Amino acid sequence: MNPKLLHNLTVIPFFILGITSFFMGFGWMLSSEPWMLDEYANTILLEESYKDLFAHPINENLPRYLTLLYRFFGLWVTTIGMLIMSFTIVTRLGTVMARNFIQSSFFITLIGISIIEYIFIPSSHFIYLTFVLWVLWGVSVWAGIKLKKYDV
């Protein structure tokens, strides 16, 4: 296979991962009720609807607290996306070391995300996104392995 195509297949998946993280983080930061982005899975986990949860007087400030948590989470996800895109653009994953670092980091992260989703939110629509992330990671790893024979 053409080494340029293999190289693009190692880089492009991580750039897509970075862009996806960047925009998902913005979604959480800009949403007026970010916890509602995964309402179905959250209500199953809580075993109570948000309407019932917020109706209790003790939870009157809970929406503000959840908004703060999700804004912070959104900022964190956006920052991770920018870091992924920066690392990918600057290094172009042109060395085995650069590819191994980012691919290993993502492997560990994807394992953690998959376990959390399986245990806590198995009905979340984010599971489909995680599957796509695994496919992108797999394409990058496969192309990186094939590319090794062309590395000097």
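The values are calculated or read from the model by the stated rules, or taken from the named source; none is laboratory data. Given the structure is predicted, the values throughout are model-derived calculations rather than measurements. Every residue, glycine as well, gets a Cβ built from its backbone with ideal geometry; the counts of neighbours run over all protein chains shown.
Residues of the stretch 84-100 include at least one that is at pLDDT 95 or above, among the aromatic types (F, W, Y) and either touching a Leu at 6+ places or on another chain (Cβ under 9 Å) or surrounded by 12 or more Cβ atoms within 10 Å (Cβ to Cβ) (or both). Of the listed requirements (1) outside any helix (DSSP H, G or I); (2) in contact with a helix residue (DSSP H, G or I) (Cβ under 8 Å, 6 or more places away or on another chain), L75 misses just one: (1).
In a residue-by-residue description of the stretch 78-99, the property of being out of contact with any Phe, Trp or Tyr (no Cβ under 8 Å at 6 or more places or on another chain), under 30 Å from K146 (Cα atoms), of a type in the set (V, I, T) and free of Cβ contacts under 8 Å to residues at least 12 places away in the same chain applies to at least one position. The number of residues in the stretch 101-125 that are touching a residue at least 40 places away in the same chain (Cβ under 8 Å) and surrounded by 16 or more Cβ atoms within 10 Å (Cβ to Cβ) comes to 5.
For first residues located in the stretch 29-43 and of a type in the set (A, V, I, L, M) and modelled with pLDDT under 95, partners that are assigned to a helix (DSSP H, G or I) and surrounded by 18 or more Cβ atoms within 10 Å (Cβ to Cβ) and lie 6+ apart or on another chain with Cβ distances below 8 Å form the pairs M36/Y50; L37/W28.
All conditions but one from (1) modelled with pLDDT under 95; (2) more than 23 Å from W137 (Cα to Cα); (3) surrounded by fewer than 16 Cβ atoms within 10 Å (Cβ to Cβ) apply to M1; the one that does not is (2).
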